[in-house]
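Beneath this line is the structure, given in structure tokens, with notes to follow.
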Amino acid sequence: SYTTHVKETHAEFGFPVKQISLIPNILDDRFVRDTPPQAEEPIRLLFVGRLEVAKGADKLVPILRRVRNRSERNVTLTIAGSGQLRSDIERQTADIGLERHVKFLGHVPYLDMPEVYGTHDVLLSPTEWEEPFGRIYLEALASGTPVVASDVGSAAEILGDGGVLTDGDVAAMADAVVE
């Protein structure tokens, strides 16, 4: 099992706890960056994942809107991933006039991801899914990109002090970004 959360889940299904070992996930060293991100404008938020409700993609535009309303700084959002909600997200951004502030990368090849993480200021993970092991957290942190995430699954165990955990709702996520 990757995390204590996964170990406990297996135990709930009747697997003998004493026979479950924790083996941490490895980190690809291509994600490790020596230079910290610059706090220059625009402040670049990043979402990485499938564009579906379980991953919290439906919350991205409302989070961006709230951050922009609460902050005097210019804030943008980059979305790396594809999925069924893309057209809805595009429509939302157009409806509220934020299309210039949201960039869709679609599917990004794995080898290009270190550069994507390293050129952003905050990774957003408003997921509702009990993620067994969010590799995006490790990759973002190794790239020097802090994380604002929902406190579900193994997020707390993986992030430690490297991120801010919220209840995952729009207001809490946006407020954590602003703070």
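The values are calculated or read from the model by the stated rules, or taken from the named source; none is laboratory data. None of these values were measured; they are calculated from a predicted model. Note: ideal-geometry Cβ built from the backbone for every residue, glycine included; neighbour counts use all protein chains shown. Note: areas computed on protein heavy atoms with side chains; ligands, DNA, RNA excluded. Shrake-Rupley method; radii C 1.70, N 1.55, O 1.52, S 1.80 Å.
In the stretch 41-94, carbon and sulfur make up what percent of the accessible area (probe 1.4 Å)?
Values: 1020 of 2480 Å².
For the stretch 41-94, the apolar C and S fraction of the accessible surface comes to 41 percent.
Highest-first packing order for the peptide set 114-120, 125-131, 45-51 is 45-51, 125-131, 114-120, based on the mean count of other beta carbon atoms within 10 Å.
So between Ser71 and Val178, what do we pick up on full extension, going 0.36 nm a residue minus the alpha carbon distance?
Working: separation 107, 0.36 × 107 = 38.52 nm, distance 0.65 nm.
Stretched out fully, the Ser71 to Val178 stretch lengthens by 37.9 nm.
The mean accessible area for residues of the stretch 25-142, using a 1.4 Å probe and ignoring ligands and nucleic acids, is 52 Å² per residue. Amide H contacts for Gly153 (H built 1.01 Å from N in the peptide plane; partners 5 or more residues away or on another chain; cut-off under 5 Å): Glu131.
Each helix, a run of at least 4 DSSP H residues, gives -39500 (n - 2.57); summed and divided by the residues of the chain, these come to -9000 deg cm²/dmol at 222 nm. In terms of overall dimensions, the chain has a Cα radius of gyration and Dmax of 16.6, 55 angstrom.
Computed from Cα atoms alone, the Kirkwood hydrodynamic radius reported for the stretch 72-116 is 11.7 Å. Placing dummy labels 7 Å off each Cα toward the beta-carbon, the span from Arg33 to Leu105 is 1.0 nm.
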